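Worksheet: the structure to be examined is printed underneath.
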Amino acid sequence: MTIIVTGGAGFIGSNFIFHMLDKYPDYRIVCLDCLTYAGNLSTLAPVMDNPNFRFVKESITDREAVYKLFEEEHPDMVVNFAAESHVDRSIENPEVFLDTNIKGTAVLMDACRKYGIKRYHQVSTDEVYGDLPLDRPDLFFTEETPIHTSSPYSSSKAGADLLVLAYHRTYGLPVTISRCSNNYGPYHFPEKLIPLMIANALNDKPLPVYGKGENVRDWLYVEDHCRAIDLIIHNGRVGEVYNVGGHNEMKNIDIVKMICKELGKPESLITYVADRKGHDMRYAIDPTKIHNELGWLPETKFADGIKKTIQWYLDNKEWWETIISGEYQNYYEKMYANR
Ligand code: NAD
Ligand code: DAU
């Protein structure tokens, strides 16, 4: 079994590669990643010498490079994590989101059609469903919830999802899609809420909370997401969408306070800043389908997962300090200076 994992030098893709190489010692995993600002080759250092692993630095938008890789590797499956993934960056500059998230997905699926494939899996997001109101805790996103996006990022992911389903219906491509809630865990890029707050708190810097901090996200430990994708690519039904989420809704402000407490830092570091444009209020996944069909359940409780995550950032300072001391500084200044 040979699996091309795109975006494997990023947060979830790298955790998925570790999971797969560990669980399936006879699988070959080929990581295709062009190493944008969010991709980090040092993340993959633990598997670089594994004879079942290969890293290829190319873009999923480069048709020639993608076809060449398919000719070399004859993959059985493709799992597409590669994407521009940050909502705030998509608000500043939507174009690259359209190129990578939509065109890149089409190029990968064209390669799958040309060379044949057992499964193409698209790693998608609950953000394609838009948001839910805070005063309706009885409402959840199911696979039947209409697509209703808010940001350029979520719109580009929704566009990709629609293309994936169209390639299944029109060309019979054997596809599956997973739509997961917010992940957290090791190797999470420090532009995102949890690692940003951990890094800033450790450096005694202000903790910038958007708006009133009342927006709700449904947090899932990254390993639980990786197990879900593993189940879907092996046992999921072709042409189907599976929602993935852990019934773990939390307000942003409560997470930030929890991080302060764990690190012994004062809540006076919390600074309320201008809200994100078009900010989604609440995400909440109904994971009944993946539970009933594939027996998936989350295994890591948030109280344990956040402790493990904070400990990982304490133990791996070099990883994130290298990132935040580089080009990231310019991004941070621009994004937060006048908020
Ligand atoms: P990330 O930003 O940490 O990593 C993205 C990776 O994709 C990086 O390694 C980057 O170099 C690579 N990449 C970007 N453009 C590329 C291109 N053109 N060609 C090849 N590689 C390219 O993202 P993440 O948080 O790990 O998210 C991975 C996937 O999961 C994305 O598709 C995202 O939409 C989806 N997702 C993320 C979450 C979350 O909470 N992080 C939740 C649900 C779904
Ligand atoms: O729901 C899945 C999605 O989760 C994925 O599809 C995206 O790729 C991933 O980035 C994530 O999107 P969010 O926008 O929910 O994550 P982010 O970490 O950027 O923000 C989480 C919440 O915290 C959101 O309500 C905005 C808020 N926030 C974020 C940052 C970076 C702040 O209050 N302050 C901040 O500095």
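Annotations for the structure displayed:
- Residues within region 13-39 that are assigned to a loop (DSSP other than H, G, I, E, B) and either near ligand 1 (Cβ under 8 Å from one of its atoms) or without any contact (Cβ under 8 Å) to a residue 24 or more places away in the chain (or both), tallied: 8
- Residue match in region 226-235 (condition: out of contact with any strand residue (DSSP E or B) (no Cβ under 7 Å at 6 or more places or on another chain), within 14 Å of ligand 1 (Cβ to nearest atom) and without any contact (Cβ under 8 Å) to a residue 24 or more places away in the chain): no
- Pairs, first modelled with pLDDT of 95 or more in region 113-127, second within 16 Å of ligand 1 (Cβ to nearest atom) and among the basic types (Lys, Arg), C-beta under 8 Å, six or more apart: Ser124/Lys157; Ser124/Arg179; Thr125/Lys157; Thr125/Arg179; Asp126/Arg179; Glu127/Lys157
- Note on region 38-59: residues that are away from ligand 2 (no atom under 16 Å from the Cβ), under 19 Å from the mean Cα position of the chain (by Cα) and hydrophobic (A, V, I, L, M, F, W, C) total 2.
- Test: Lys261 is of a type outside the set (Val, Ile, Thr), surrounded by 17 or more Cβ atoms within 10 Å (Cβ to Cβ) and over 20 Å from Phe189 (Cβ atoms): no
- Criterion: more than 26 Å from Tyr210 (Cβ to Cβ) and either modelled with pLDDT of 95 or more or of a type in the set (Gly, Ala, Ser) (or both) - qualifying residue of Val66, Val96: Val66
- Options Thr61, Thr100, Thr125: the member that is polar (S, T, N, Q), closer than 21 Å to Glu249 by Cα and within 14 Å of ligand 1 (Cβ to nearest atom): Thr125
- Test result for Phe70, in a helix (DSSP H, G or I), buried (at least 17 other Cβ atoms within 10 Å of the Cβ), more than 8 Å from ligand 1 (Cβ to nearest atom) and among the hydrophobic types (A, V, I, L, M, F, W, C): yes
The values are calculated or read from the model by the stated rules, or taken from the named source; none is laboratory data. The structure displayed is predicted, hence computed values, not measured ones. Quick reminder, even Gly has a Cβ in these numbers, built from the backbone with ideal geometry, and neighbours come from all protein chains shown.
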